[in-house]
1. Which of the residues that make up region 258-292 are part of a strand (DSSP E or B) and either buried (at least 19 other Cβ atoms within 10 Å of the Cβ) or among the charged types (D, E, K, R) (or both)?
2. So, Glu58, is that one surrounded by fewer than 20 Cβ atoms within 10 Å (Cβ to Cβ), modelled with pLDDT under 95 and of a type in the set (Asp, Glu) or not?
3. Being over 17 Å from Glu145 (Cβ atoms) and either of a type in the set (Ser, Thr, Tyr) or open to solvent by less than 30 Å² (accessible area, probe 1.4 Å) (or both) is the filter here, so list the residues in region 70-87 that pass it.
4. For region 175-196, name all the residues that are open to solvent by less than 40 Å² (accessible area, probe 1.4 Å) and free of Cβ contacts under 8 Å to residues at least 60 places away in the same chain.
5. Under 7 Å by Cβ, and 6 or more places apart or on different chains, what pairs join a residue from region 8-35 that is in a loop (DSSP other than H, G, I, E, B) with one that is among the polar types (S, T, N, Q) and open to solvent by 60 Å² or more (accessible area, probe 1.4 Å)?
6. Before we move on, is Lys342 in contact with a His (Cβ under 6 Å, 6 or more places away or on another chain) and open to solvent by 70 Å² or more (accessible area, probe 1.4 Å)?
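The values are calculated or read from the model by the stated rules, or taken from the named source; none is laboratory data. Predicted, not measured: the structure shown is a model, and the values here were computed from it. Ideal geometry is used to build each Cβ from the backbone, glycine not excepted, and the neighbour counts take in all protein chains shown. Only protein heavy atoms, including side chains, enter the accessible area calculation; ligands, DNA and RNA are left aside. Shrake-Rupley method; radii C 1.70, N 1.55, O 1.52, S 1.80 Å.
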Amino acid sequence: MHKPVTAEIISIGDELLYGQILDTNSKWLSEEMDKIGVRVTRKTTIGDDPQAMNRAYEAASREVDIVLMTGGLGPTKDDLTKHVLADFFNASIKLFPEALEDLRNFFESRGKELTPTNQSQANLPSNCTYIKNAVGTAPGMWFEENGVVWMSMPGVPHEMRYLMENAVIPKIKEKFKLPVIYHKLIKTIGIGESWLSDKISVWEEQLPSHIRLAYLPSLGEVKLRLTAFGESLQTLAEEVKEQTIKLEPLISEYIYGYDTDSIASSLGHELIQRKENLAIAESCTGGYLTHVVTSIPGSSNYYNGSIVPYHNDFKEQLLGVNPNTLSTKGAVSEETVIEMSKQVRLKFNATYGLATSGIAGPGGGTTEKPVGLVWIACHDGKNCRTRKLQLTKDRLINIQLTSTASLNLLRETILQNTK
């Protein structure tokens with residue numbers, strides 16, 4: 001296998017460090033580099049500071065094959081990138097006539113005057129290759145120094161993407177012999193990262209050296225990412241498939257899908273296949289669980305409806321929860337969510353009824369029922385599965401975790417009924 005081609009992404013701009021702008025560029029660049037077999041080893045964000053920029057350039061020049069830079073190419077005095085790059089490469093700044101002509105055409109086509117300030121954008125480091133930006137005024141600059149390729153692009157996302165797709169990626173493919181990278185995501189739910197690791201440790205140790213495993217935890221889920229490096233996409237796909245087949249029996253009860261699947265889309269597909277449907281009664285999640293379910297295209301084929309009885313009076317009036325249950329056991333109780341799931345299933349004539357009730361926080365908790373206490377239930381007409389959750393102090397996280405756990409409870413119910 002040939003040597004990996006590595007890259008660093010450098011994002012420039014005080015606004016990124018102040019949190020005024022979200023850096024979506026580096027995420028997109030990483031994805032595009034991965035597609036062509038370039039391994040991004042580091043991302044760096046720096047402000048409009050020549051010294052910090054020079055330190056970042058110096059470090060990158062020693063460690064990677066490709067440096068992709070965004071930002072700092074505007075016409076104003078705070079845009080420093082091309083001047084710092086010229087100093088870094090011991091180059092001068094000179095006028096590029098082709099760049100000036102492109103700028104003039106750009107402004108004339110829009111009925112605007114090319115001002116002296118805008119003309120200055122045609123002054124570039126003398127050692128760069130000018131890359132035309134047909135969708136903006138900030139030019140792209142390609143450098144090759146000491147075996148390292150450098151590309152400086154505007155920070156405006158659509159301009160950066162235009163340059164990457166139309167110039168940079170083709171040039172990288174010409175310049176480097178690139179490996180093939182193949183990814184496979186195995187998505188799990190209902191098990192924590194460390195427990196998952198224990199279950200598959202022997203399998204993980206036996207993976208071939210060119211196939212790597214990464215654990216990617218998120219709220220209520222853990223994604224396992226297999227990444228294979230080689231020269232044939234078909235061969236890598238077959239090898240990863242073999243490893244996935246070996247993995248599945250070890251954790252089959254926790255796997256809900258692969259690659260682009262979400263727990264909601266996976267369950268939707270299963271309900272359609274089974275010609276079954278779902279109704280939801282949610283209190284502490286306030287409609288978020290319904291939002292997750294209905295965000296899937298085609299959810300009308302299996303989703304019947306929801307009731308969000310946030311106040312206890314409406315748990316009684318709309319759902320028909322026994323007032324004695326609410327007065328003696330409380331809204332946040334196993335008994336209440338059992339009745340909620342049963343009643344919503346009946347009211348919407350659904351196969352399954354899901355219910356949530358809890359204390360999302362940050363207030364409202366007691367010693368007996370602290371913030372983060374949630375009960376969920378899934379009723380299938382014969383049996384009701386329940387689960388007690390003790391979550392966090394953060395309201396939004398609790399809502400999201402409860403919704404994920406509820407969908408997992410539905411998944412477990414379906415699995416149990418399939419046996």
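1. Filtering region 258-292 down to residues part of a strand (DSSP E or B) leaves 258, 278-282.
The answer is Leu278, Ala279, Ile280, Ala281, Glu282.
2. Working: surrounded by fewer than 20 Cβ atoms within 10 Å (Cβ to Cβ): yes; modelled with pLDDT under 95: no; of a type in the set (Asp, Glu): yes.
When the stated conditions are applied, Glu58 does not pass them.
3. The initial filter retains those residues of region 70-87 that are over 17 Å from Glu145 (Cβ atoms), namely 70-80.
Listed by number, the residues that qualify are Thr70, Gly71, Gly72, Leu73, Gly74, Thr76.
4. Gly192, Leu196
5. The qualifying pairs are Asp23/Thr45.
6. Details: in contact with a His (Cβ under 6 Å, 6 or more places away or on another chain): yes; open to solvent by 70 Å² or more (accessible area, probe 1.4 Å): yes.
Yes; evaluated as a whole, the condition is true for this residue.
Matching residues to (1) within 30 Å of Ser403 (Cα to Cα); (2) of a type outside the set (Gly, Ala, Ser); (3) not in a helix (DSSP H, G or I):
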position: His158; (1), (2), (3): no, yes, no
position: Leu163; (1), (2), (3): no, yes, no
position: Asp198; (1), (2), (3): yes, yes, no
position: Val202; (1), (2), (3): no, yes, no
position: Leu207; (1), (2), (3): no, yes, yes
position: Ala214; (1), (2), (3): yes, no, yes
position: Ala228; (1), (2), (3): no, no, yes
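Let's see how each residue does on (1) out of contact with any helix residue (DSSP H, G or I) (no Cβ under 8 Å at 6 or more places or on another chain); (2) open to solvent by less than 20 Å² (accessible area, probe 1.4 Å); (3) among the charged types (D, E, K, R):
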| site | (1), (2), (3) |
| --- | --- |
| Arg42 | no, no, yes |
| Leu68 | no, yes, no |
| Phe89 | yes, no, no |
| Leu95 | no, no, no |
| Leu100 | no, no, no |
| Asn105 | yes, no, no |
| Thr117 | yes, no, no |
